[in-house]
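Beneath this line is the structure, given in structure tokens, with notes to follow.
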């Protein structure tokens, strides 16, 4: 997954929360779709390295993923229940950035594993 593929995650957050023509609370529906996309990305996250230090990093990645999934659940409830979307929008933006960072660390871990298999930079 490249930075270009996660760029679409910011699109639902771009507007000011005003309903689109004829569609009440359209931002909330787009936010729910975004949360579903984020959840799908995180659920498919499964580092499988068995090497010592990479396994420890992989376990840390799984813990981080679990924290992100729990935040996602809390924000999902807020999107539906909070009358004012401003605070929820801020939390959702933070979550998107944190998920992007998590995905980057996951890619870094995969490259470290390949580098270890190939013998490093020597």
key: Calculated FRET efficiency for the pair residue 25/residue 97, C-beta based, R₀ 25 Å, to 0.05   = 0.55
inquiry  = Can you give me the distance in nm between label points at residue 44 and residue 78, each placed 7 Å from the Cα along the Cα-to-Cβ direction?
reply    = 2.7 nm
ask   = Mean projection of the alpha-carbon convex hull of the stretch 58-122 over all orientations, in nm²?
value = 4.9 nm²
query = How much length is gained if the chain between residue 112 and residue 90 is pulled fully straight, taking 0.36 nm per residue apart and subtracting their Cα-Cα distance, in nm to one decimal?
reply = 4.6 nm
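FYI, it's all coordinate maths here, none of it is from the lab. Please read all numbers here as calculations on a predicted model, not as lab measurements. Cβ: placed from backbone, ideal geometry, glycine included. Neighbour counts: every protein chain shown.
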